[in-house]
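A.B. asks: Provided herewith is a single structure, encoded as structure tokens, for subsequent inquiry.
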Amino acid sequence: MTPIAALFFAGAVLCDRTGVAFAAMLAALWHECGHLLAARLMHIPLRALRLDLLGARIEVGGRLLSYGEEWLLAAAGPLFSLLGSLIVAPLWGISYFARIFSVASLLLGLLNLLPVGSFDGGRMTEAFLYRFTSERCARHIMLAMTFFSLFLLWALSVYLLLRAGGGLSLFCFSVSLFARFLEQGKIA
């Protein structure tokens, strides 16, 4: 974990009186458990799990993955997020924390399905494209899909800021992703 990420996560949990930050981090941990379980079931050796401000990255060691394995490994996180949201949803009337965890899991799962660079949806889309097109064509399609997805995410955040009076965190998140994309031509 990067030192900045550690400070951010510790500060978020310690300063959060509502439990939203803790529920969101628990939802993110649940999401990563999906990836880890998929890797274990497919006998994929893992080298490292790295945490930073934009999420977690699992580094695979030992061998190259097939397109199918890459797709399944990427899909496991959003699937776990969506299942976690559904499993906890019946507890909404009983527990505020269950409601927050369920919503955080749902949003995390849906966000990760966007075809953006190294998001799970981007990895799934890349695996599909590399399977059926040339590497050059796949790269160009992914750049266009990433740009379009980030633009839509940014536009949604602007709408939420102007019309609903909320969504500042989504705006900051989308702007940081957009800036990184424009600077590097990808989301690393």
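A.B. asks: Please go through segment 37-51 and give me each residue that is without any contact (Cβ under 8 Å) to a residue 24 or more places away in the chain and assigned to a strand (DSSP E or B), ordered by number. Don't jump to the end; show me each part of the working.
C.D. replies: Let us first name the residues in segment 37-51 that are without any contact (Cβ under 8 Å) to a residue 24 or more places away in the chain, namely 40-41, 43, 45-49.
The answer is 46, 47, 48, 49.
A.B. asks: A further question on this structure: Kindly establish whether residue 103 is surrounded by fewer than 20 Cβ atoms within 10 Å (Cβ to Cβ), touching a helix residue (DSSP H, G or I) at 6+ places or on another chain (Cβ under 8 Å), among the β-branched types (Val, Ile, Thr) and more than 17 Å from residue 35 (Cα to Cα). Quick ask: steps written out before the conclusion?
C.D. replies: On the way: surrounded by fewer than 20 Cβ atoms within 10 Å (Cβ to Cβ): yes; touching a helix residue (DSSP H, G or I) at 6+ places or on another chain (Cβ under 8 Å): yes; among the β-branched types (Val, Ile, Thr): yes; more than 17 Å from residue 35 (Cα to Cα): yes.
Yes: the conditions hold for residue 103.
A.B. asks: Do any helices (runs of 4 or more DSSP H) entirely within segment 75-188 hold 3 or more residues that are within 15 Å of residue 27 (Cβ to Cβ) and touching a residue at least 12 places away in the same chain (Cβ under 8 Å), and if so, which?
C.D. replies: Working: elements: 96-112, 120-132, 135-159, 168-184.
Output list reads 96-112.
A.B. asks: Considering segment 161-180 alone, what residues qualify as being more than 19 Å from residue 104 (Cβ to Cβ) and either surrounded by 14 or more Cβ atoms within 10 Å (Cβ to Cβ) or β-branched (Val, Ile, Thr) (or both)?
C.D. replies: If the condition is that a residue be more than 19 Å from residue 104 (Cβ to Cβ) and either surrounded by 14 or more Cβ atoms within 10 Å (Cβ to Cβ) or β-branched (Val, Ile, Thr) (or both), then 161, 175, 178, 180 are the ones that fit.
Yes or no, residue by residue, for (1) at pLDDT 95 or above; (2) among the aromatic types (Phe, Trp, Tyr); (3) out of contact with any Lys or Arg (no Cβ under 9 Å at 6 or more places or on another chain):
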{"residue": "118", "(1), (2), (3)": "no, no, no"}
{"residue": "121", "(1), (2), (3)": "yes, no, yes"}
{"residue": "125", "(1), (2), (3)": "yes, no, yes"}
{"residue": "133", "(1), (2), (3)": "no, no, yes"}
{"residue": "150", "(1), (2), (3)": "no, no, yes"}
{"residue": "153", "(1), (2), (3)": "no, no, yes"}
{"residue": "157", "(1), (2), (3)": "no, no, yes"}
{"residue": "160", "(1), (2), (3)": "no, no, yes"}
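The values are calculated or read from the model by the stated rules, or taken from the named source; none is laboratory data. Computed from a predicted model, the values in this text were never measured in an experiment. We place every Cβ from the backbone using ideal geometry, glycine too, and count neighbours over all the protein chains shown.
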